[in-house]
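Structure record follows, encoded as structure tokens.
The values are calculated or read from the model by the stated rules, or taken from the named source; none is laboratory data. All values reported here derive from a predicted model rather than from experimental measurement. Positions of Cβ are backbone-derived with ideal geometry, glycine not excepted, and every protein chain shown enters the neighbour counts.
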């Protein structure tokens, strides 16, 4: 058979195949489509996302697995992070094709207002990012959202960013716990104005604004935080009977004990009664502790 006849037959066969079962060549697909591995024309957004065309998968991709994976021809939950809309499952796993908890802040970028990955969940802020991301400079550690501070609204031991956050005769100063700096400032009264219980420990501090060092009415930073003292002042119960329920759960700053005869209540260590409220004298090293 002459060579040109052979070539002609091959071309005819290829053209015939292109008209069977929707198969086509790459150049023969409509605009915006390309040829799939099995020869069909499909709409392809990228290597994984086939858009509305899910013909490459054995069954329609719907519900919790709306994406057809072109490589494996199986339905999956996601192909990219932007297809994961839950704060506690914002990352698309390349291994499983499922939405899983975040590891990096970048895996939260597609969730408006939740750009920080904290313990696997996308949140507005955490303790480390509050000063940078929040207008107030404070992040509520309970809700992991930015806190707002009204002018002159914070009294003794209230968290603050600037002196204007504190009530009269108080300044916003840095504080420590067992030698480690706390993440925010706290309002403390100027000692020159007179100290009152339970703020009976004098602290020499510069303010958060950098004013010269002065004496302030404070607390024993080796044993107590403003949070654990506030739990005592609020008569907070610790129903589980554990110390982390009082104060900052990650610090050894609060005590769950019997306070003035009432079991399972929060208190703090003390050396003198000046460190305790007037109704809770320092007994056996605890404010409101047992008399014997």
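Structure notes:
- Enumeration of residues in the stretch 239-263 that are surrounded by fewer than 16 Cβ atoms within 10 Å (Cβ to Cβ) and closer than 17 Å to residue 284 by Cα: 258, 261, 262, 263
- For the stretch 59-86, a residue qualifies if it is part of a loop (DSSP other than H, G, I, E, B) and either surrounded by fewer than 17 Cβ atoms within 10 Å (Cβ to Cβ) or at positive phi (or both), and the qualifying residues are 59, 60, 62, 63, 64, 66, 71, 72, 73, 80, 85.
- Residue 157 being in contact with a strand residue (DSSP E or B) (Cβ under 8 Å, 6 or more places away or on another chain) and modelled with pLDDT of 90 or more: yes
- Residue count for the stretch 223-242, restricted to those that are closer than 15 Å to residue 178 by Cβ and in contact with a strand residue (DSSP E or B) (Cβ under 8 Å, 6 or more places away or on another chain): 5
- Among the residues of the stretch 66-75, those identified as in contact with a strand residue (DSSP E or B) (Cβ under 7 Å, 6 or more places away or on another chain) and free of Cβ contacts under 8 Å to residues at least 24 places away in the same chain are 68, 75.
- Scanning the stretch 82-138 for residues that are in contact (Cβ under 8 Å) with a residue 40 or more places away in the chain and within 27 Å of residue 61 (Cβ to Cβ) gives no hits.
- Restricting attention to the stretch 70-91, the residues being farther than 15 Å from residue 116 by Cα and under 18 Å from the mean Cα position of the chain (by Cα) number 1.
- Checking 134, 217 one by one, the residue that is under 20 Å from the mean Cα position of the chain (by Cα) and crowded, with 16+ Cβ neighbours inside 10 Å is 134 and no other.
- For the stretch 166-174, the criterion of being assigned to a loop (DSSP other than H, G, I, E, B) and in contact (Cβ under 8 Å) with a residue 40 or more places away in the chain is satisfied by no residue at all.
- Only one of 102, 122 that is assigned to a strand (DSSP E or B), modelled with pLDDT of 95 or more and touching a helix residue (DSSP H, G or I) at 6+ places or on another chain (Cβ under 7 Å): 122
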